[in-house]
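First the structure, in the form of structure tokens, and then the observations on it.
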Amino acid sequence: DTAVSQTPKYLVTQMGNDKSIKCEQNLGHDTMYWYKQDSKKFLKIMFSYNNKELIINETVPNRFSPKSPDKAHLNLHINSLELGDSAVYFCASSQVPRAGADGELFFGEGSRLTVL
Amino acid sequence: AQSVTQLDSQVPVFEEAPVELRCNYSSSVSVYLFWYVQYPNQGLQLLLKYLSGSTLVESINGFEAEFNKSQTSFHLRKPSVHISDTAEYFCAVSGPGGYNKLIFGAGTRLAVHP
């Protein structure tokens, strides 16, 4: 069983379209994340949810909207896609400690989005 | 604000040679430090971490990293690499604010040649 699964793995679409990426984790974790990895492999956090509550919201265009229907799912919807949105989007989950951090994020295999 | 600098974008090395991947961080508060590995077409996996205590931490596959507070570094080393170690390695930092908010460096591509 895959711990953190994302669909689709590949997505090719035209500028201006709207698309969604889905993520599910079966680890029983409380917290989920979306990271964007650009063409130079640089990883940047976008959002995080803890028990369906948005807790991290970095400087991301409001065309990007995360939704967490329950703590096992975190979806990412992108409106009006632009060329610069082309990237690999990684979902991750973590059982966040009560204090401090343990840094253990479990990542999905990524969803490669190509905007033409 | 926290940041991570990985000084080498690519490190080519021959099999069984030693390797060091460099990582420096910047933070005004105490930090937790991590190394993640990304194999081709896969997600990232935690390799090792420093939270507190001994400044030398080890992974199960022979990598080690040493937290050096005075030099704000957390370099990753392995005394003898294998072909299978070929991957992208990311250094990351997290502050005490919780929620495992990790700030990643730009990554170092380790290419092990026979």
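Just a few scattered comments:
- Residues (more than 30 Å from residue A:2 (Cα to Cα), within 11 Å of chain A (Cβ to nearest Cβ), at pLDDT below 90 and open to solvent by 40 Å² or more (accessible area, probe 1.4 Å)) located in region B:7-55: B:30, B:52
- Residue B:76 being within 28 Å of residue B:14 (Cβ to Cβ), of a type in the set (A, V, I, L, M), facing chain A (nearest Cβ under 8 Å) and in contact with a Phe, Trp or Tyr (Cβ under 8 Å, 6 or more places away or on another chain): no
- Here A:21, A:78, A:55 are screened, and the one residue that is touching a helix residue (DSSP H, G or I) at 6+ places or on another chain (Cβ under 8 Å) and either of a type in the set (Val, Ile, Thr) or within 29 Å of residue B:31 (Cα to Cα) (or both) is A:78.
- Candidates A:54, A:76 - the one that is part of a strand (DSSP E or B) and surrounded by fewer than 20 Cβ atoms within 10 Å (Cβ to Cβ): A:54
- Residue-level check: of (1) part of a loop (DSSP other than H, G, I, E, B); (2) touching a residue at least 24 places away in the same chain (Cβ under 8 Å); (3) within 14 Å of another protein chain (Cβ to nearest Cβ), residue A:81 misses just (3).
- The one condition in (1) open to solvent by less than 50 Å² (accessible area, probe 1.4 Å); (2) within 20 Å of residue A:58 (Cα to Cα) that residue A:38 fails to fulfil: (1)
- Within region A:84-104, tally of residues that are modelled with pLDDT under 90 and either aliphatic (A, V, I, L, M) or outside any loop (DSSP other than H, G, I, E, B) (or both): 3
- Taking the listed residues B:108, B:86, the one that is more than 13 Å from the chain's Cα centre (by Cα) and of a type outside the set (A, V, I, L, M, F, W, C) is B:86, with no other qualifying.
- Residue among A:110, A:28 that alone is under 27 Å from residue B:39 (Cβ atoms) and in contact with a strand residue (DSSP E or B) (Cβ under 7 Å, 6 or more places away or on another chain): A:110
- Among the residues of region B:57-84, the ones that are free of Cβ contacts under 8 Å to residues at least 60 places away in the same chain, open to solvent by 70 Å² or more (accessible area, probe 1.4 Å) and over 29 Å from residue A:34 (Cβ atoms) come to 7 in all.
The values are calculated or read from the model by the stated rules, or taken from the named source; none is laboratory data. Owing to the predicted nature of the structure, the values given are computational and were not obtained by experimental measurement. FYI the Cβ positions are ideal-geometry reconstructions off the backbone, even for glycines, and counts take in every protein chain you see. The area values use the complete protein model at the heavy-atom level, side chains included, leaving out ligands, DNA and RNA. Shrake-Rupley method; radii C 1.70, N 1.55, O 1.52, S 1.80 Å.
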